[in-house]
Structure formats: structure tokens, C-alpha cells
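Since the structure comes first, as C-alpha cells, the remarks are kept for the end.
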Amino acid sequence: MITSDAGPAVDAALLKLAQRIREEFEEAPGLRITVIEASRFWGLDEETCGRVLARLFATSFLRQSLDGRYGRA
């Protein structure tokens, strides 16, 4: 679960965002993207985007290549 010090509303928003981004990766299995590219693509700040991608990595949904790109595991 994604957690933050900001409270349950922020946690719920991050979980919803993680699900949306997960669905994007499922719809585009060849998608390989850096945090900076992802933040632009999804219109998010880099910190939030990085947290979501890191969470999807931690759950083994995504992998991260040596060049920093995230893609489906």
C-alpha cells in the first residue's frame, strides 16, 4: 500500500493513480518510460510519479532497466 504523512485522502488518490498507471502499462505492453517522461505523459509532478512507479516496481508489476526506464516485468 502506498502511504504518506498527508493522510487517507492522499493515500486513496495515490492508489487510484497507481491503478490508472498500471492499466496504461497493461494496454501498452511495450511501454518503457523514465520518471521524467512519465510525469510529462501523465501530467504529474516528478515526485508523485516516481512514488507511483516505485510502488509498481516494489509489487513486481514493473521492472527498471539500467537506463532508468520502467516497463512491464
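Can you confirm whether Leu44 is part of a loop (DSSP other than H, G, I, E, B) and either among the aromatic types (Phe, Trp, Tyr) or over 18 Å from Val10 (Cβ atoms) (or both)? So Leu44 fails the test. Could you check, for the stretch 33-45, whether at least one of its residues is touching a Gly at 6+ places or on another chain (Cβ under 7 Å) and either modelled with pLDDT of 95 or more or surrounded by fewer than 13 Cβ atoms within 10 Å (Cβ to Cβ) (or both)? Scanning the stretch 33-45, I find at least one residue that is touching a Gly at 6+ places or on another chain (Cβ under 7 Å) and either modelled with pLDDT of 95 or more or surrounded by fewer than 13 Cβ atoms within 10 Å (Cβ to Cβ) (or both), so the answer is yes.
Inside the stretch 49-66, can you point out the residues that are surrounded by fewer than 16 Cβ atoms within 10 Å (Cβ to Cβ) and either in contact (Cβ under 8 Å) with a residue 12 or more places away in the chain or touching a Leu at 6+ places or on another chain (Cβ under 6 Å) (or both)? Those that are surrounded by fewer than 16 Cβ atoms within 10 Å (Cβ to Cβ) and either in contact (Cβ under 8 Å) with a residue 12 or more places away in the chain or touching a Leu at 6+ places or on another chain (Cβ under 6 Å) (or both): Phe57, Ser60, Ser65.
The values are calculated or read from the model by the stated rules, or taken from the named source; none is laboratory data. Just so it is clear, the model here is predicted, and its values are computed rather than measured. Here the Cβ is made from the backbone with ideal geometry for all residues, glycine too, and neighbour counts use every protein chain on show.
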